[in-house]
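The values are calculated or read from the model by the stated rules, or taken from the named source; none is laboratory data. Predicted model, so just to flag it, every value in this text is computed and none were measured. Quick reminder, even Gly has a Cβ in these numbers, built from the backbone with ideal geometry, and neighbours come from all protein chains shown. SASA here: full protein model, heavy atoms, side chains in, ligands and nucleic acids out. Shrake-Rupley method; radii C 1.70, N 1.55, O 1.52, S 1.80 Å.
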Amino acid sequence: MNDSRCTIRVAIIGGGIASAALLRGLLRHPHIAAEIYEPQPVFKTEGHVISLTAASEEILRRLDPSLDDCLSRAEAVYTTTDTRIAAGAYAGQPVDIPSIQDYRERMVDPQKFLDELLRGTPPRMIHSNSRITSITELPGASGVMLHFAGGAQKKFDVVVGADGVHGITREFVLGPDDPALKPQHTGVWRLPIKVPYRKAVQAMGPEFLDPLKPCTSSWIGDGTFLQHDYMGSESDVHITAYAVQNEWSPTTWASLLTPEEFEAVFASNPLSICRGMVQLIKSLYTVQLAGITYMQHKQARTYVTNCAALIDDAAHSVFAVRGVNVLVGLEEAYILSMLLGRVSSKTEIPAALQGFDHVCRPRAEEAGRHTVQCGLVTIGKDPTVGLNPYLMGPRLQYHWHLLKESRIEAQHAAANRLMDQLLTDN
C-alpha cells in the first residue's frame, strides 16, 4: 500500500445490506475512513427471507475474504424452487423453468445476514439513530457537509446514498427538479407475514412444507401472486401476497382492504394451499389489511456527482426476482469499493465515481427491465403468455438466464479503464 495516500473520508447513508457490504469492502483500504449512518435506532433490514445466488456469494468473497462463511454463520440454507399456476384451466400445473429449478440458491434471514456483515466492524464507524436532514456540497470541490437533526455537522470527501426509495441522497445527486427524482407507483402491492410451522401446515397442508426440504414455492394467479419461503427444520414459514391494484393514487403508500375485500382479490385461486395462505393472512389482520405499495424509480441520467454516488434502491428499482436485487446491490458495493480503493488523492475521486456510473448504471437498468418483465409474467399480466405454463416457462427462463450471472470481472475492468482514461486526460 502507498503510505503517501491522503485519507479519503466516505459517508454511507442507509443501513441495509448493500451499505454494509460497501463498508466491508472499504475497510480493506487503510487510506479510506468510512462511516455508516442509519436513522433508525438499530440497523434493521426489511423483509423476511432473501435469496442469494452463487454469483452473490462470489462477490462477498471478493469484497472481503473473511466473509466466506458469513452465510453459514447467518444460518443460510440451500433451497429449491417450485412455481405453479394458481388460477384458470391450468391451476396446479407446474411451470417448467430449467434454468431456475436446476440452479441452487441459498435462502437467508436478511436481518441475520446484515448482522453478520456488520460483525467485527469497529463501533466508531457505525452510527444508528442518526438522521441526516440535508447534504451540502462544499465550494472548491472540497467535499460535502452532512447536516444532522439536532444541528450537528460533519464533513466528508464522498457521500454514498443507499437510503431507499424516499431517501435524501437521490435529490442531492439529481437535483430537486429532475423528472426522475420521485418514484412512481407500479400498480402492485404486497403483504408479507410470518407464521409458525405447525400453524402453516394446518392451513396449507404438508405437501410443500417438508421439514427436510427448504423450498420457495410460488403460485401465479390472474393479477395475483402468492409465495411462501420455508427454510426447513420446522422453522417459521414466510408468506407474501402480491396483487394488482386497479385503482390507486400516485401518492399512496398502501392499499387498504377489509379482510373480505382481501379474500375477494384471491377468489379466483381455487387451490387449497392458496386458500390456506389467504386465511393465514386474514387470521393476523381481522379489521384491516395494508398492502404495501411497490414503488419504482424512473431511470436516472446519472448515479453520481463529483462527490456523491447512489447505490441499491436509492439509485434504481430492481425487483426481488430470485435474489437479483441483492446481487446488483452487492455488485455496486464491490465496484465502488475497489474504485475508491484506487484513489490516491482527492482530485481522483470524480474519475472513480464516473467509472462506477459507467458500468453500474447500465447493469442496473438492464436488470430492472428484466425483473419488470418477470414481474408481469409472475403476476399473470403478460398478455403474450397469460396463465399458460407452457408459454410462461420459456419466457421466465429467458429473463432468468440474463439475470442470474454476474459479469463482475468485466464490469470491474471497464470501470478501471474509464477511470484510467479520465485521470490521463486530466
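The set of residues in region 317-365 that are in contact with a strand residue (DSSP E or B) (Cβ under 8 Å, 6 or more places away or on another chain), of a type outside the set (A, V, I, L, M) and not in a helix (DSSP H, G or I) comprises S317, F319, R322, G323. Hey, does region 247-260 have a residue that's under 18 Å from the mean Cα position of the chain (by Cα) and in contact (Cβ under 8 Å) with a residue 24 or more places away in the chain? For region 247-260, residues under 18 Å from the mean Cα position of the chain (by Cα) and in contact (Cβ under 8 Å) with a residue 24 or more places away in the chain: absent. Residues in region 190-205 that are touching a residue at least 40 places away in the same chain (Cβ under 8 Å) and over 9 Å from G276 (Cα atoms): R190, L191, P192, I193, K194, V195, P196, Y197, K199. Output yes when any residue across region 396-419 is at pLDDT 95 or above, charged (D, E, K, R) and either farther than 22 Å from A21 by Cα or open to solvent by less than 10 Å² (accessible area, probe 1.4 Å) (or both), and no when none is. Within region 396-419 (the criterion being at pLDDT 95 or above, charged (D, E, K, R) and either farther than 22 Å from A21 by Cα or open to solvent by less than 10 Å² (accessible area, probe 1.4 Å) (or both)), the answer is yes, since at least one residue qualifies. Within region 225-242, residues that are in contact (Cβ under 8 Å) with a residue 12 or more places away in the chain have Cβ atoms under 8 Å from residues that are of a type in the set (G, A, S) and part of a loop (DSSP other than H, G, I, E, B) in these pairs: F225/G380; L226/A86, counting only partners at least 6 apart in sequence or on another chain.
Among the residues of region 391-416, write down those that are touching a residue at least 12 places away in the same chain (Cβ under 8 Å) and not hydrophobic (A, V, I, L, M, F, W, C). Scanning region 391-416 gives G393, R395, Q397, H399, H401, K404, E405, S406, R407, Q411, H412, N416.
Listed here are the residues, each with its yes/no results for (1) more than 26 Å from D236 (Cα to Cα); (2) touching a strand residue (DSSP E or B) at 6+ places or on another chain (Cβ under 8 Å).
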| site | (1), (2) |
| --- | --- |
| E260 | no, no |
| A267 | no, no |
| V287 | no, no |
| G291 | no, yes |
| D312 | yes, no |
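Restricting the first member to region 59-75 and to residues that are under 13 Å from S406 (Cβ atoms), and the second to residues that are small (G, A, S), the beta-carbon pairs closer than 7 Å and six or more apart or on different chains are I59/S406; L63/A21; L63/G25; L63/A333; L63/S337. Inspection of region 142-150 finds no residue satisfying the criterion of being in contact with a helix residue (DSSP H, G or I) (Cβ under 7 Å, 6 or more places away or on another chain) and surrounded by 15 or more Cβ atoms within 10 Å (Cβ to Cβ).
If you filter region 199-240 down to residues that are of a type in the set (F, W, Y) and closer than 17 Å to V95 by Cα, you find that the one that is surrounded by the fewest Cβ atoms within 10 Å (Cβ to Cβ) is F208. Kindly indicate whether any position in region 403-411 is part of a helix (DSSP H, G or I), of a type outside the set (D, E, K, R) and more than 21 Å from the chain's Cα centre (by Cα). So far as region 403-411 goes, yes, one or more of its residues are part of a helix (DSSP H, G or I), of a type outside the set (D, E, K, R) and more than 21 Å from the chain's Cα centre (by Cα). Wholly within region 190-301, which helices (runs of 4 or more DSSP H) include no fewer than the required count, namely at least 3 residues that are under 23 Å from V108 (Cα atoms)? It comes to 197-204, 272-284. Do we have any residue at all in region 286-303 that's open to solvent by less than 10 Å² (accessible area, probe 1.4 Å), over 12 Å from R190 (Cα atoms) and touching a residue at least 60 places away in the same chain (Cβ under 8 Å)? Yes, because at least one residue in region 286-303 is open to solvent by less than 10 Å² (accessible area, probe 1.4 Å), over 12 Å from R190 (Cα atoms) and touching a residue at least 60 places away in the same chain (Cβ under 8 Å).
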